[in-house]
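One structure is given below, encoded as structure tokens.
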Amino acid sequence: MIRRKATHSAHRRRRSILKRPAILASAGMVALAVLAVSLVFTFEPTAANKIANSAGTTASTKALSSTTTTQPTGAVPKLSPGSLMSAAIRQQNSLPGTSAWQMNGHASSSVISGFAGSTYALIGQKIPLYITTTAPTFTITAYRMGWYQGLLGRLIWTSPAITGKSQPSCPLIAPSNTVECSNWTPLWQLHVTNAFVPGDYLLKLVASNGGAQYIPLTVIDPTSNAAVVLLNAVTDWQAYNAWGGYSLYHGPPSDWPNRATKVSFDRPYSYGAGAGDFLGNELPMVALTEKLGLNVTYVNSIFLEQHPSLTLNHNVLVSLGHDEYYSVTMRQALRNSVNHGGSLMFLGANAIFRRIRFAASPIGPDRIEINYRNPYQDSLFGKNNARVTANWPAPPDARPESSLIGIQYECNPVNYPMVITDPQSWIFKGSGLGFGSQIPHLIGSEFDGFLPYSPHPANLQILANSPVLCRNQPYFSDMTYYSAPSGGGVFATGTNYWVASLSAGCPPFVGLCPDPATDAITTNIIEAFGSGGVGRNHPSAPNAMSVYAHPPFGPIQPVSPPTTTATSTPLTTTSTVPATTTSTEAPPASTTTSTAAASTTTTTAAAASTTTTTSSTVPSTG
């Protein structure tokens, strides 16, 4: 896929490693054939200018209710977190693995595609699978994803040949522009037997005429008290899903005003060979966690919405490569974890930026994801402002994500090295990194940074302070940690590329993969967080305000636009810094609210230039 250079637009350019598995390197492992790298980008403004446009309307008479319907499946008991290591996980990953789960060039959504009637399953359940295909027959093969000697998958089950069917077109529901395939007939009921060890699964659909696609499924153990819980960010996958032509970012033809304001899980994923964002932004960390033999279990966004107390049963919850879309309930679940001694790892950037809520679809509860962006379009505006689906940092109920994470979304797209500025921290043990060490190509495509005028923990520690230039404006990307009085801790990488750096076979602009430094840092943090009490064992050394005031390495200066005879259209961006920013959630430690004089900054940049002026930008192929 052609990667276009960055432009100012109403959409965000988003990097996602798709349509290929992330293969983790192991000593002496056999070289594996991997799927072709395909990068899918959408466009979105910087944090200061992420104001959504209104959604267009398309003819349809069917309407969707915005009333949240929750019928949780599987009770979650209150348990004390278990031990850090797991003999069962080590034993599971010692079993024979296989590379047969890979597509090997056979991915074809025009031949076969499908979705599950639930994003997750419990042992004993039967999950309907909705599949459309042009082939006479097809098969389904279930693979549990993990380490498995570096092959990353284990064959669990294979179906007999199933008669194919070309399903009807999916209705487009106005005015929300929702594509919903609830008119499809399920072609198979997947019985989740005891053979399905809890974990992340790919159901590989293989058509008799050669096409193939995935259906992702999280198999959950609601009684688990594993030390570590990994969160599959299915709300993020669905937000970017353009199957049927509409996502929360655009409608046809890639048009922001025609974007959907409600998207349905009742349809296949249009990217990742049907696996959404799992392969590039999540699988590398799944594999590393299981390779280490950690006591790990798995949930996804929908299960977290339905069972928010689950976070109290684990020492650390891991948010993976891109985890942007959060409901009020989901966010409060993470806050409660920290308040009760749990820890959080944010291995991506731009987490908890979009506020959402859920509604039922004809297939089941919580299968409609609602995000208006523009609060005035939301029917709850003025009635229940806490659930109005504006961005989390924006009115009418502004609660910047920095009050929980410590840092906040800044800008995209970039591609710069991460610069280490506090190497004495325990987090860097065994990494070989010193002051000023650089990890090439690690900052991108989106990044987070410390903003003193946004609510943040008073004891926030900046570990890496990396100068970047985004849309020709200087910024800093920050990697941070803070300890909580409860004994928990919160770590944030401040970059989208972190999880991808844990894998081999990743695109060259991500740098060395797997990167021994990011591998060592991730291992240090997840083992300390997973053991519990990290905030007591490793109290943070606050330095955020001093680093912000006196960055160890100065900013990158803007590049003068090249001289050109073409007429470029200047884009004027105006952002207002609030005089006072407050947070309504319970503070993790003493939350600092800085008061700044209200100021307005205006930046003018040429939007029509097609010349790349710095080698540090995301590479363009045309």
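The values are calculated or read from the model by the stated rules, or taken from the named source; none is laboratory data. These numbers were taken from a predicted model, which means no experiment stands behind them. Cβ placement follows ideal geometry from the backbone for every residue including glycine, while neighbour counts extend to all protein chains displayed. Ligands, DNA and RNA are stripped out before the accessible areas are found, and what is left, the full protein with its side chains, is counted by its heavy atoms. Shrake-Rupley method; radii C 1.70, N 1.55, O 1.52, S 1.80 Å.
Some points to look at:
- Measuring nothing but how far apart in sequence close Cα pairs (under 8 Å, 6+ apart) lie, relative to its length, the stretch 210-321 scores a relative contact order of 43 percent.
- When V299, V559 are compared by accessible area at a 1.4 angstrom probe, the order from most to least is V559, V299.
- Packing, as the average of other Cβ atoms within 10 Å across residues, places the peptides 77-90, 545-558 in the order 77-90, 545-558, highest first.
- Alpha-carbon geometry of the stretch 220-259: the Rg and the Dmax are 16.1, 46 Å, given in that order.
- For the stretch 299-421, the pair-distance distribution built from all alpha carbon pairs, in bins 10 Å wide starting at 0, is 12, 40, 34, 12, 1, 0 percent.
- Taking 29 Å as the limit for the C-alpha separation, the pairs K262/K383; K78/K204; K165/K291; K262/K291 exceed it in the case of K78/K204; K165/K291; K262/K291.
- Between the stretch 185-218 and the stretch 485-504, the Cα center-to-center distance that results, in Å: 30 Å
- Computed with a 1.4 Å probe over protein heavy atoms only, the accessible surface of the stretch 426-494 comes to 24 Å² per residue.
- Surface composition of the stretch 425-512: carbon plus sulfur atoms hold 58% of the accessible area, using a 1.4 angstrom probe and ignoring ligands, DNA and RNA.
- Highest mean packing first, where packing is the average number of other Cβ atoms within 10 Å per residue, the peptides 371-382, 477-488 line up as 477-488, 371-382.
- Local charge for L95 was computed over the other residues whose Cβ lies under 11 Å away, with Lys and Arg +1 and Asp and Glu -1, and equals +3.
- Using a Förster distance of 22 Å, the FRET efficiency for N194-T137 (Cβ separation, nearest 0.05): 0.20
- Put simply, the C-alpha atoms of the stretch 392-529 give a gyration tensor, and the ellipsoid matching it has half-axes of 23, 20, 13 Å, longest first.
- The length gained on full extension between Y376 and K78, counted as 0.36 nm times the residue separation minus their Cα-Cα distance, comes to 103.3 nm.
- Carbon and sulfur %, accessible surface of the stretch 145-197 computed with the full protein complex present, 1.4 Å: 58 percent
- Annotation: peptides 264-275, 152-163, ranked by per-residue average of other Cβ atoms within 10 Å with the highest first, follow the order 264-275, 152-163.
- A 1.4 Å probe over all protein chains sorts W426, W256 by accessible area into W426, W256, starting with the largest.
- For the stretch 203-343, the per residue solvent-accessible surface stands at 17 Å², with DNA, RNA and ligands left out and a 1.4 Å probe.
- Averaged over its residues, the stretch 86-155 has an accessible area of 35 Å² per residue, based on protein heavy atoms and a 1.4 Å probe.
- Nearest-10 value in Å² for the accessible area of V318, using the 1.4 Å probe: 0 Å²
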